[in-house]
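Below you'll find the structure, written out as C-alpha cells, and then a few comments.
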Amino acid sequence: MATKVMIVDDSVSMRQMVEIILKTAGYEVTQAVDGREGLEKLTDDTDVVISDYNMPNMNGVEFISAVRNGLVNRAVPIIMLTTESEDEKKQAGKQAGATAWITKPVNRDNLVGVLRKVTATLDF
C-alpha cells in the first residue's frame with residue numbers, strides 16, 4: 001500500500017511539481033491550496049503532510065498548530081517545504097510541531113529522502 005502524502009501549497013506549479021516527484025517515487029498524493037483546505041482534507045489515513053510556510057488564509061505555522069491541536073491525525077509528520085530559511089521562522093515551525101524543514105527550490109532526492117526518514121516508523 002502506497003504512503004499517502006498531502007501537499008498544502010498555494011502555488012499550483014509547486015503542488016504539481018511535488019506531486020510528479022512523489023508519484024514517480026511511488027507515493028499517493030492529494031493536494032490542498034492552503035491551510036484551511038488542508039485541515040478539511042486531512043484524514044486519519046494521511047501518512048505525511050508537506051506544507052508551505054507562506055499561504056493566504058492560514059499560513060503553514062498556523063496550519064501545523066491547528067493540526068496538532070485538532071481532532072484528526074494530530075501526530076501526522078509535517079514537513080515544511082518553503083523559501084523561508086530564517087532561524088526565527090524555523091523555530092516557530094518547530095514550536096508549532098513541524099517534523100522537518102526543507103528550503104526551496106525542491107530537490108527530488110532530498111525531498112524523497114526526508115519523506116522516507118519521517119515515514120520510516122510507518123513502514124511495517
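The values are calculated or read from the model by the stated rules, or taken from the named source; none is laboratory data. Everything numeric in this text was worked out from a predicted model, so none of it was measured. When we count neighbours, we look across all protein chains shown, and the Cβ atoms used for this are built from the backbone with ideal geometry, even at glycine. When the accessible area is computed, the model is the full protein with side chains, heavy atoms only, and any ligands, DNA or RNA have been set aside. Shrake-Rupley method; radii C 1.70, N 1.55, O 1.52, S 1.80 Å.
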| request: Which order do the peptides 67-74, 93-100, 12-19 take when ranked by the mean count of other beta-carbon atoms within 10 Å per residue, highest first? | output: 93-100, 12-19, 67-74
| said: Can you order the peptides 48-55, 109-116 by their average number of other Cβ atoms within 10 Å per residue, highest first? | reply: 48-55, 109-116
| task | For region 10-124, report the accessible area per residue in Å² (1.4 Å probe, heavy atoms, rounded to an integer). | result | 54
| field | GluC sites (Glu not before Pro) restricted to DSSP loop in region 21-113 with at most 14 other C-beta within 10 Å | value | 86
| remark: Note, region 8-19: 3J(HN,Hα) by Karplus (6.51, -1.76, 1.60, θ = phi - 60°), whole Hz, Gly/Pro = x, goes 10, 7, 6, 8, 4, 5, 5, 4, 5, 5, 5, 4
| task | Hey, can you grab everything whose amide H is under 5 Å from the amide H of residue 31? Only 5+ residues off in sequence or another chain; H modelled, so Pro and N-termini drop out. | result | 7
| note | Yeah, the chain with a ≥ b ≥ c from its alpha-carbon gyration tensor (a/c under 1.5 is rounded, else prolate when a/b outruns b/c, oblate otherwise) is rounded
| Counting Lys and Arg as +1 and Asp and Glu as -1, each charge on the Cβ, what is the dipole of region 21-124 about the Cα centre in debye, to the nearest 20? | 200
